[in-house]
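This report refers to the structure that appears directly beneath it.
What follows draws every value from the coordinates through simple rules; no lab data is involved. Quick caveat, the model's predicted, so the values are computed rather than measured. Neighbour counts run over all protein chains shown; Cβ positions are idealised from the backbone, glycine included.
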Amino acid sequence: MSGADPRPIGMFDSGFGGLTVARAVIDLLPDEDLVYIGDTGRYPYGSKPADEVRRYARELAHSLVDEHDVKAIVIACNTASAAARDEIAAEMPVPVISVVEPGARALVAASRSRRAGVIGTVGTIASGAYQRAIAAADPGLGLVASACPGFVEFVERGQTAGDEVTVLAERLLAPVVEADIDALLLGCTHYPFLAGVIARVLGPDVVLVSSADETARETVRLLDERGLRAPAGRTGTHTFHSSGDVEWFAEFGAHLLGPELDTAARWEPGPRRP
């Protein structure tokens, strides 16, 4: 559906993981502009207190609206979604999309045995956000939820294979293996970068589900529903910001996202933000 709103889509994450969502959104919505902020100066979020994550997430959301005039916000971070989605949605004058609900629906659709799992950061799993979303989508689905501390740090270092990460995966995923599931939701946007290791540990009979594609489809649906699509036929621009080392963010992020991320700009948290 064509629209007439050329304002960008805003997206934020604690670091690089949300680039999986950005990739899916860019592929599905080539006409749209995108502004992405990776809070690499303060990552990882998963081990931080929920109040701290909520404050960071609100800063990022306000920055996207106040400084970039975005027409929608995608919280491309499971930990931030779990901690702050409802509060941000209540505060923002634009629609807010979380990765949690689309991921939950995708897991339910993927499981044939109705025994499934979800893995995430300590903060995400402790919040119960995925457990509630999956139960709402299918109350009868048997679910095992397991935190995987350390996975994000491996991805942020660019270490997505090898003995060290495999040993950690075998230990952290042991409860999931024992639960005899047939589908696993990667409940952190960093985890698709470890999909090879995770798949080898779980075996060929377990389908891995990423929320990135489902979140992108939800973004399309919402923009169409609200009449917020950009004019058709244009070529979208994509700008990326980092609160940490900008050169490293651009260099490493380009390996994960592709040529769209050839440069990045500095993003600074400010006292003017809530």
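Results, tabulated for the structure shown:
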{"read-out": "Computed magnitude of the charge dipole of the range 5-88 (debye, nearest 20; Cβ of K, R +1, Cβ of D, E -1)", "value": "340"}
{"read-out": "Given (1) 17.7, 51; (2) 23.9, 77; (3) 21.9, 70, the label whose value is Rg and Dmax of the Cα atoms in Å derived from this model", "value": "(1)"}
{"read-out": "Cα centre as origin, Lys/Arg/Asp/Glu Cβ charges: the chain dipole, Debye", "value": "540"}
{"read-out": "Label point distance in nm, Asp27-Ala109, each placed 7 Å from Cα along Cα→Cβ", "value": "1.5"}
{"read-out": "Degrees between helix 50-68 axis and first principal axis of the chain (Cα, 0 to 90, nearest 10)", "value": "30"}
{"read-out": "Angle between the chain longest axis and helix 211-226 axis [Cα atoms, degrees, rounded to 10]", "value": "40"}
{"read-out": "Relative contact order (percent, whole number), the chain, Cα cutoff 8 Å, 6+ residue spacing", "value": "29"}
{"read-out": "Calculated from backbone phi, Karplus (6.51, -1.76, 1.60) coupling profile of the range 40-48 in Hz, x at Gly/Pro", "value": "5, x, 10, 6, x, 7, x, 9, 8"}
{"read-out": "Ala90-Glu52 pseudo-label distance in nm [points 7 Å out on the Cα-to-Cβ vector]", "value": "2.4"}
{"read-out": "Degrees separating the helix 100-110 axis from the principal Cα axis of the chain, which is the longest one", "value": "50"}
{"read-out": "Spin-label pair Arg171/Arg266, simplified geometry with 7 Å Cα→Cβ offset, distance in nm", "value": "3.8"}
{"read-out": "Peptides ranked, highest mean first, by Cβ atoms within 10 Å: ranges 124-133, 211-220", "value": "211-220, 124-133"}
{"read-out": "Assigned charges on the beta-carbon of Lys, Arg, Asp, Glu; the range 101-211 dipole about Cα centre (debye)", "value": "300"}
